[in-house]
1. Under a Cβ-Cβ cut-off of 9 Å, what is the net charge of the residues other than B:Ile243 that fall near it, where Lys and Arg count +1 and Asp and Glu count -1?
2. What quantity of accessible surface, computed with a 1.4 Å probe and excluding non-protein components, is buried in total between chains C and B, in Å² to the nearest 100?
3. Within the accessible area of chain A, what % is carbon and sulfur when the probe is 1.4 Å and the other protein chains stay in place?
4. Could you tell me what percent of the DSSP beta bridges with both partners in chain D are antiparallel, to the nearest 5?
5. Obtain the nm distance between the two label points defined at D:Glu114 and A:Ile243 by a simple spin-label model: each point lies 7 Å from its Cα along the Cα-to-C-beta direction.
6. When Lys and Arg each count +1 and Asp and Glu each count -1, what net charge do the other residues less than 13 Å away from B:Val111, Cβ to Cβ, add up to?
7. May I ask you to derive the relative contact order of chain B, considering only C-alpha pairs under 8 Å and at least 6 residues apart, and to give it as an integer percent?
8. Using only the heavy atoms of the protein chains and a 1.4 Å probe, how would A:Lys239, C:Lys237, D:Lys304 rank by accessible area, largest first?
Amino acid sequence: MKQSRFTILKNEPLTSTVYRMVLEGDTSAITKTGQFLNIKIDGLFLRRPISVCDYDDKTVTILYKVVGAGTEAMKLMAPPSQLDILTGLGNGYDTTKSGSCPLLIGGGVGVPPMYRLAKNLLAEGKTPIVILGFNTKDEAFYIEEFEHLGAKVLVATSDGSLGTKGFVTDIVSNLSDYTYFYACGPEPMLKALSDCTKTSGQLSFEERMGCGFGACMGCSCETKYGSKRICKDGPVLEKEEIIW
Amino acid sequence: MKQSRFTILKNEPLTSTVYRMVLEGDTSAITKTGQFLNIKIDGLFLRRPISVCDYDDKTVTILYKVVGAGTEAMKLMAPPSQLDILTGLGNGYDTTKSGSCPLLIGGGVGVPPMYRLAKNLLAEGKTPIVILGFNTKDEAFYIEEFEHLGAKVLVATSDGSLGTKGFVTDIVSNLSDYTYFYACGPEPMLKALSDCTKTSGQLSFEERMGCGFGACMGCSCETKYGSKRICKDGPVLEKEEIIW
Amino acid sequence: MVNTKVTLSGIPLDNPIIPASGTFGYGYEFAELYDINMLGSFSFKGTTREARFGNPTPRIAECTGGMINSVGLQNPGIEKVIREELPKMRKVFHKPVIANISGFSVEEYAFCSEKIDKEDQVGIIEVNVSCPNVHHGGMSFGTSPEAAAEVTRAVKAVTTKPVYIKLSPNVTDIAAIAKACEEAGADGISLINTLMGMRIDLKTGKPIIANKMGGFSGSAIFPVAVRMVYQVYEAVKIPIIGMGGVSSAEDVLEMMLAGATAVQIGAANLVEPFACKNIIESLPHVMKKYGITDLNDIIGGAHK
Amino acid sequence: MVNTKVTLSGIPLDNPIIPASGTFGYGYEFAELYDINMLGSFSFKGTTREARFGNPTPRIAECTGGMINSVGLQNPGIEKVIREELPKMRKVFHKPVIANISGFSVEEYAFCSEKIDKEDQVGIIEVNVSCPNVHHGGMSFGTSPEAAAEVTRAVKAVTTKPVYIKLSPNVTDIAAIAKACEEAGADGISLINTLMGMRIDLKTGKPIIANKMGGFSGSAIFPVAVRMVYQVYEAVKIPIIGMGGVSSAEDVLEMMLAGATAVQIGAANLVEPFACKNIIESLPHVMKKYGITDLNDIIGGAHK
Ligand SMILES: Cc1cc2nc3c(=O)[nH]c(=O)nc-3n(C[C@H](O)[C@H](O)[C@H](O)COP(=O)(O)OP(=O)(O)OC[C@H]3O[C@@H](n4cnc5c(N)ncnc54)[C@H](O)[C@@H]3O)c2cc1C
Ligand SMILES: Cc1cc2nc3c(=O)[nH]c(=O)nc-3n(C[C@H](O)[C@H](O)[C@H](O)COP(=O)(O)OP(=O)(O)OC[C@H]3O[C@@H](n4cnc5c(N)ncnc54)[C@H](O)[C@@H]3O)c2cc1C
Ligand SMILES: Cc1cc2nc3c(=O)[nH]c(=O)nc-3n(C[C@H](O)[C@H](O)[C@H](O)COP(=O)(O)O)c2cc1C
Ligand SMILES: Cc1cc2nc3c(=O)[nH]c(=O)nc-3n(C[C@H](O)[C@H](O)[C@H](O)COP(=O)(O)O)c2cc1C
Ligand code: FES
Ligand code: FES
């Protein structure tokens, strides 16, 4: 973990509620996708945890949905203002277990961490299938970006306005030749995926956090292997250890 | 009273700790010098009361000393940022009682309201004598500005580095041909002036304020004519009503 | 259209927004800024038998998210309030007002309440039991169920108007005190009064407030207020007026979900003079945002 | 040069800065960020007889200037803390630590204290009496002078180390409870623990915290903490460790002026991981600014 100041390079809407922010600063503590940042926002007490969507040696990209006071404030920020951020938080996804053809499943604001994950798996010579779920076409984002990476992308929307009508699980249930899966999204989606997937996999969880770096026990969850802190021992858990 | 947003036009140091800020906005509620503004500062709960130094139909000038969190924040503000300000607070000085040759006595950050007062009295054809007190030369400000108005200016510094060595009272005690006095400054100065002046006069007081507009009774003081709110019935009191 | 009307002991309010005692004076300053008849009601400055200058100054200190006051119940005394202020208030506010009554003995509470009971302008008598009991070593009436109940009974005996007991949060068991007041006949509970707090001036090394301690209020105390309203709602059946740190329409909804039928706004009025107006105007929009069509539906909703 | 050294019951501290229990884990996370040996000491996570998972999640809610937690004393139990954590802690922190002990019965407090008493790494036993007493209807030990004194006596009977009783602020008369602990043999008083608070989620209409209520801490509670430290300083002669909302060197001075000999930093560590380091480093500068050459000179200074 590192604490440092980042400069906002870009902050732009992808949909009416989801924004992309590109930040410049010391990214050396970020080692994996699936990790997250914890962002200090003036006037609010707690930092806001947001997943790493992509990063390089001097920038990090995040995608965030405006849902409350913190993200509302983020939306209004403009380059070149600065943010105090904790980086390198969480375990992140482990690509060594992926096999040759893993599924990457992102629902809503669970989509962002799948981006860098897809990039990495492709770089490792694997052929990930990316499955993205949204409520409706207007809320969809990052589909082209995934396609540009060269990944196969399947989309589900609840109302059928884009791709398959239904949930990501409707797509997953019809697939069979995958070797592993990675998922991030709302808890009901994760639970359904855990039930309908035929392989082992890694799922990323959200929890309200005090610190985000393992000090307060605010985010604990019980697993089959004992209590884990979502912020430090997670947010990524293995399918097999999860107690639903 | 009015609440409105002002735009900072200038914010510049006069000494190492005293700043002048010129603000543009709706000044229609300001009717007298000796009145004050109550300034909202992001992140701080209470507004900060600062005297009007000068104003016209679209700008108001204040001079403030950096002493704590609020003024520290003000010092860092730059044009064209905005401030939420309550204007037209307090009774202000009454020039009708001045006679032809009033004394205007300002000590430290009590100097600012004397500026517009001098201007008004000169405009009314009177010949005010302005007496300014500071600790030392380096802390002195606005002497030239008063001179430019065409007022007679006398200065006292505690260490004698500028003007008379001593206090404003040392100057006042040696004067006799004045018709009235107006004073603003630290309470011990006001008390000493009240004792050494030969005429009636008006003195402006400071008190910690909750609202600044008469609602909370946070700033009450007892006078010979009953309890008064410094923010609404003051900050200017008549020499005769003050209980020391 | 959404419904913001609520009822306190039979008294209909256009909306649940009520400026809290001591932060709105007698309404005059605010009436110059906006038409205060848009308010549900207002609770005027705490009134005692005798006129009081209150505590020495400084009476105000700043805190993170709030302020401390030790005004000390400055007021002209009940007779003068009835004779001079009520008629003036009637000119700027045409709805029933809430008379906030304080005392340093049970008799003083009864005396003031009996006097004010005759005024038809007064809709509710709000009895502030946070005052020190001069007959019992200065502990406040609000710190013991017995003392609070005794004040309640004494006031109820001399009034026909609804009596709301305004509780102090500086206690171990707020629910027990509320319950004692209900059993003693209270028609409603107002809470919370200020938390006792202190700030020290680093320049002098001494407390900022001349009286050393004072009442801490403002958004910082909101979570304590919500908790206490929630606890009292579980303990009593009479209506609750919730307050403590409320400064937005969202806060109003949160207080009502905790169990408040109406909500008072205190310190927010001092730093944001249009606070109540802004809250009243944004309330319908915020209700819509959360799918609320009638405020009465959410009172105590968090308990379900 | 200024002096920041203070002494707690004979234990010298390089400075009065101590991370508060529950906000610093066992120090490991912070040891990766800075050399935590710069701290005066640290108080490790509250420990009970049995291992505890704690309360269901969500356990955290945000407030203006603070947060609510309902972690519920998650810890591996006293045996495992002694066997596994203490040796690991010794590697990152070479000074005496403060063992924070909790219990749901008098026996549990005594059991844990007796166990930890044998560990020379432990300088002070800090007894958190904010836990509900399972034998007495769930009211916390910290809410009655008798119960707090009983815990104090039980712990003192089985330990040789200095015992500091950590008080709950959710009480009517904090001074009476502190006094009872002093009379029962306490070597010092730590205060304040968290204020009970609640937040409700407008989207669901239900409390955010799974356990409904939780402990409110952070800068918002500072004025209450200063007031209570001030009151307890007037009531007892034993040293006080002050805490509650401290987040700057200025706050440390204010706590000490109120009567604290040392100061704990809680929630600030969570949102500003370098909080303690920053405070320790700025303390000498802030002392100079206010003309303080020795911190010991200002302890209780506001009472003079
Ligand atoms: C590990 C992790 C990664 C995340 N990654 C992303 C991401 O990439 N993009 C994105 O849009 N969102 C992400 N979230 C959710 C994001 O943290 C919340 O949407 C955000 O904190 C809401 O803040 P707010 O001030 O706008 O909302 P408010 O509701 O005003 O926040 C109030 C408090 O609740 C907390 N909170 C609210 N919603 C959540 C939530 N869903 N999860 C955890 N805490 C919450 C806030 O952090 C804050 O402490 C992630 C959450 C976690 C735990
Ligand atoms: C009617 C009036 C007119 C004033 N005019 C001027 C002026 O023209 N120029 C100027 O430099 N100063 C003036 N002051 C003093 C000015 O209000 C304070 O210096 C300022 O509030 C300090 O704020 P701070 O946050 O920097 O200090 P802090 O000490 O951090 O403030 C903490 C709290 O104490 C209050 N406070 C601190 N000092 C004073 C004080 N002397 N008087 C009243 N409240 C105080 C603050 O308003 C705030 O609520 C005036 C005060 C009053 C009452
Ligand atoms: C300046 C001031 C004066 C107050 N005077 C009274 C009073 O006279 N009677 C009373 O019952 N409460 C009084 N209160 C308490 C408020 O009515 C209210 O209960 C408390 O401030 C909590 O609400 P808030 O956080 O919105 O301010 C006063 C509060 C303030 C800030
Ligand atoms: C997440 C969290 C966990 C806590 N756990 C404990 C605990 O185990 N034992 C204890 O005595 N106090 C515990 N506390 C209380 C703190 O030690 C401290 O008394 C309180 O938070 C007030 O200080 P603060 O405002 O600086 O946080 C905890 C506080 C927080 C925020
Ligand atoms: S949020 Fe503090 S331990 Fe996870
Ligand atoms: S500051 Fe509120 S009445 Fe003067």
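1. That sum, taken over residues with Cβ under 9 Å, equals -1.
2. Using a 1.4 Å probe on protein heavy atoms, the buried area is about 2400 Å².
3. The value for chain A is 51 percent carbon and sulfur by accessible area.
4. Restricted to chain D, the bridges split so that about 45 percent are antiparallel.
5. My value for the distance between the label points is 3.1 nm.
6. Here the charged neighbours net out to -1.
7. 18 percent.
8. Working: A:Lys239 35, C:Lys237 190, D:Lys304 155 Å².
Sorted descending by solvent-accessible area, the residues read C:Lys237, D:Lys304, A:Lys239.
The values are calculated or read from the model by the stated rules, or taken from the named source; none is laboratory data. A quick note: this is a predicted structure, and the numbers were derived from the prediction, not measured. Here Cβ is always computed from backbone atoms with ideal geometry, including for glycine, and neighbour counts include all displayed protein chains. With ligands, DNA and RNA removed, areas are computed over all heavy atoms of the protein, side chains included. Shrake-Rupley method; radii C 1.70, N 1.55, O 1.52, S 1.80 Å.
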